[in-house]
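What follows is a short report on a single structure.
The values are calculated or read from the model by the stated rules, or taken from the named source; none is laboratory data. Everything numeric here is computed off the predicted structure, so don't read it as measured data. Neighbour counts run over all protein chains shown; Cβ positions are idealised from the backbone, glycine included. SASA here: full protein model, heavy atoms, side chains in, ligands and nucleic acids out. Shrake-Rupley method; radii C 1.70, N 1.55, O 1.52, S 1.80 Å.
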Amino acid sequence: MAPTYFTSIRRGQNDSYSSVNSSSGCHRMNLTRRSFVLLSACASVGQVLGQGVAPRVAKPQAKPAPSGRPFDAHFVDIAHEAGLTAPVIYGNSESKDYILETTGCGCAFIDYDNDGWMDIFVLTGTRVGGAPPGTTNRLYKNNRDGTFTDVTQKAGLQDVGWASAVCVGDYNNDGFEDMFCTYFGQNKLYRNNGDGTFTDVTKPAGERTAIAIGREFPWNAGRVACHPAFIPCIETTAMGRLPT
């Protein structure tokens with residue numbers, strides 16, 4: 001029977017890596033941190049290409065013939081007329097120094113007061129040097145006439161942070177839609193009180209739930225769980241400075 005070899009990669013104190021074989025003829029190969037990253041990248045590219053990715057010589061498909069049908073779609077920006085005037089803050093408006101500043105944020109259409117008309121909840125971020133005055137997520141109530149009223153303060157939804165996404169759902173089955181917001185850092189769960197206000201129940205939802213909501217897969221309201229080992233990688237990558 002042919003001998004079986006096992007190879008392990010170890011990281012040294014000086015950011016160097018070495019491979020150690022379990023065979024009797026132990027062989028050690030020292031790698032610098034840069035060489036290790038390059039080797040890993042090459043291995044990843046090899047796996048991707050082995051999964052059927054088209055080569056660079058692939059020819060694009062021919063453009064289909066025009067249908068000849070008229071395209072009458074036309075959109076007009078009426079945000080100002082509708083009362084949606086507050087700016088969304090997400091990093092420096094002139095330039096972006098950190099990856100975190102480039103992610104942006106989302107919004108949700110939610111009938112929070114059950115009047116049959118869709119209201120709008122708009123997320124916002126902040127800036128590395130501090131948020132400008134008035135920065136907050138905003139809840140706009142539908143006035144049923146094509147306009148909206150900012151009811152953020154009345155609803156108890158004033159908050160400043162690196163918000164990313166929002167998911168709407170009636171988590172406690174009381175007939176009123178609640179909201180789960182993802183942030184860089186502590187994600188938050190808002191319970192609809194049924195009287196036009198919301199309560200942050202991230203912590204009261206339970207210690208286990210609070211940890212899961214706050215730490216696992218920040219920025220993504222559609223994902224449920226992630227191994228804790230990935231958390232430092234996500235946070236470090238998010239705050240990494242963009243190349244100049």
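Quick rundown of the values:
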item	result
Net length gained if the chain between I99 and A82 were fully extended (0.36 nm per residue, minus Cα distance)	2.9 nm
The stretch 61-170: relative contact order as a whole-number percent, Cα under 8 Å and 6+ apart	25
Low-density loop cleavage sites - trypsin sites (Lys or Arg not before Pro) in the stretch 92-160, where at most 16 other Cβ are within 10 Å (DSSP)	K96, R127, R144
Spacing of the two label points (7 Å from each Cα toward its C-beta) at T149 and V57, in nm	6.8
Per-residue SASA entry for H80, accessible area with 1.4 Å probe, Å² rounded to 10	140
Full-stretch length increase - D111, R69 - with 0.36 nm per residue and alpha-carbon distance subtracted	11.5 nm
